[in-house]
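Visitor: Please find one structure pasted underneath; my questions will follow.
Bear in mind these aren't lab numbers, they're just calculated from the coordinates by the rules spelled out. Fair warning: this is a prediction, and the values are worked out from it, not measured in the lab. As a convention, Cβ positions derive from the backbone with ideal geometry for all residues, glycine included, and neighbour counts pool all protein chains shown.
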Amino acid sequence: MLRRAIFWFAISLAAYSQDRRVVAIAHRGEHLHHPENTIPAFAEAIRVGVDFIEVDVRTSSDGKLVLSHDLSVDRCTNGSGNVATMSFDQLQALDAGVKFGAPNTRIPTFGQVLDLARDGGIGVYVDVKEAQASDLVNHIETHGMSDRVVIYCGLKMGRQLQALNPKLKIMPEAENVEHTAELVEQLHPPVLAFGARDFKPDLIAAAKRAGAQIYVDRMGLTDTPAGWQSAIDSGADGIQSDRPEALVEYLRSKGYKAPK
């Protein structure tokens with residue numbers, strides 16, 4: 001009886017693994033060979049077959065939503081200053097690719113990237129750096145992406161977004177068991193985000209009990225086939241990577257993603 005039970009458990013586990021799908025998320029687009037958070041980086045990520053592009057949203061001094069991971073434009077452009085204190089025209093005058101060897105690349109707007117993702121048939125992982133909930137919701141709805149975004153944000157922003165559009169997928173960070181319990185109680189998030197520090201068995205179990213999917217960062221030393229598989233074995237439903245093409249190829253080779 002025991003051998004038979006083990007046999008059927010193994011069969012069911014194999015069937016689950018074959019049917020399981022894991023989404024590939026391109027961190028700031030394909031930025032190994034293209035300037036991060038730019039249209040070329042996102043276009044390349046779409047070409048290699050990712051499911052989501054991750055974008056960092058900030059607001060210019062005159063209220064335009066643009067993409068920049070950093071508070072300032074210093075690292076990634078030929079300019080200097082904070083995004084929040086610069087007008088949209090000032091930001092558009094900067095070159096976001098010249099330091100990468102790709103001159104004449106502009107800082108994109110949130111709307112441009114939503115259109116690119118929509119036309120490319122993929123989703124957008126929105127990392128809210130500095131933006132008003134109403135502006136985010138207006139852009140997402142206007143560009144027809146309400147059902148194809150996940151929004152990485154804190155508890156306060158999550159409440160505001162859900163009040164404006166309850167159908168949007170809020171994706172807060174797990175952080176710890178107590179915080180996760182609070183998030184689940186107040187937001188009932190369909191997805192929880194995990195970094196390297198909080199991707200632990202007790203937090204993973206809390207997310208699973210809540211019926212939430214798990215999207216985890218795999219960057220640096222863990223951005224490898226071994227790191228990806230370890231995340232999947234621990235329960236990840238999505239992986240954010242700085243190596244999107246290699247990740248997509250790996251997921252396809254293991255049956256976690258449909259072939260081309």
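Visitor: Could you tell me which residue of segment 208-240 is nearest to the chain's Cα centre (by Cα), considering only residues that are within 18 Å of L192 (Cα to Cα) and among the charged types (D, E, K, R)?
Guide: The extreme case among them is D217.
Visitor: Let me ask you something else. Within segment 113-144, which residues are aliphatic (A, V, I, L, M), within 26 Å of V248 (Cα to Cα), touching a residue at least 40 places away in the same chain (Cβ under 8 Å) and part of a helix (DSSP H, G or I)?
Guide: Result: V113, L116, A117.
Visitor: What number goes with the only condition from (1) more than 19 Å from I151 (Cα to Cα); (2) surrounded by fewer than 19 Cβ atoms within 10 Å (Cβ to Cβ); (3) of a type outside the set (D, E); (4) touching a residue at least 24 places away in the same chain (Cβ under 8 Å) that Q186 does not pass?
Guide: Going through the list (1) more than 19 Å from I151 (Cα to Cα); (2) surrounded by fewer than 19 Cβ atoms within 10 Å (Cβ to Cβ); (3) of a type outside the set (D, E); (4) touching a residue at least 24 places away in the same chain (Cβ under 8 Å), Q186 breaks only (1).
Visitor: Residue by residue through segment 101-111, note down the ones that are out of contact with any strand residue (DSSP E or B) (no Cβ under 9 Å at 6 or more places or on another chain) and part of a helix (DSSP H, G or I).
Guide: Our first condition is that a residue be out of contact with any strand residue (DSSP E or B) (no Cβ under 9 Å at 6 or more places or on another chain); within segment 101-111, this holds for 101-106.
Listed by number, the list is empty, since nothing qualifies.
Visitor: Scan segment 37-89 residue by residue and report those that are of a type in the set (A, V, I, L, M, F, W, C) and either without any contact (Cβ under 8 Å) to a residue 12 or more places away in the chain or assigned to a loop (DSSP other than H, G, I, E, B) (or both).
Guide: In the first step, residues of segment 37-89 are kept if they are of a type in the set (A, V, I, L, M, F, W, C); the result is 39, 41-43, 45-46, 48, 50, 52-53, 55, 57, 65-67, 71, 73, 76, 83-84, 86, 88.
Listed by number, the residues that qualify are V50, L71, V73, C76, M86.
Visitor: Moving on to the next point. Has segment 171-183 got at least one residue that is under 18 Å from D56 (Cα atoms) and hydrophobic (A, V, I, L, M, F, W, C)? Lay out the reasoning, then the answer.
Guide: Going residue by residue through segment 171-183, those that are under 18 Å from D56 (Cα atoms) are 171-173.
Among the residues that remain, those that are also hydrophobic (A, V, I, L, M, F, W, C) are: 171.
Yes: one or more hits.
Visitor: For M157, which of the numbered conditions (1) touching a strand residue (DSSP E or B) at 6+ places or on another chain (Cβ under 7 Å); (2) farther than 27 Å from H31 by Cβ fails to hold?
Guide: So M157 meets the others, but not (2).
Visitor: Being buried (at least 16 other Cβ atoms within 10 Å of the Cβ) and among the hydrophobic types (A, V, I, L, M, F, W, C) is the filter here; which residues of segment 58-97 pass it?
Guide: L65, V66, L67, V73, C76, V83, M86, F88, L91, L94, A96
Visitor: I would also like to ask the following. Being under 18 Å from the mean Cα position of the chain (by Cα), surrounded by fewer than 16 Cβ atoms within 10 Å (Cβ to Cβ) and not in a helix (DSSP H, G or I) is the requirement here; does D147 meet it? Lay out the reasoning, then the answer.
Guide: Values: under 18 Å from the mean Cα position of the chain (by Cα): yes; surrounded by fewer than 16 Cβ atoms within 10 Å (Cβ to Cβ): yes; not in a helix (DSSP H, G or I): yes.
Here the answer is yes, as D147 does meet what is asked.
Visitor: Keeping to segment 167-199, report how many residues are closer than 23 Å to I140 by Cβ, part of a strand (DSSP E or B) and not aliphatic (A, V, I, L, M).
Guide: 2
Visitor: Among the residues of segment 230-249, which ones are without any contact (Cβ under 8 Å) to a residue 60 or more places away in the chain and hydrophobic (A, V, I, L, M, F, W, C)?
Guide: So in segment 230-249, the residues without any contact (Cβ under 8 Å) to a residue 60 or more places away in the chain come out as 230-231, 233-235, 246, 249.
Result: A231, A246.
Visitor: Here are the criteria: (1) farther than 20 Å from L32 by Cβ; (2) out of contact with any helix residue (DSSP H, G or I) (no Cβ under 9 Å at 6 or more places or on another chain); (3) not small (G, A, S). Tell me which single one R252 does not satisfy.
Guide: The single condition R252 does not satisfy is (1).
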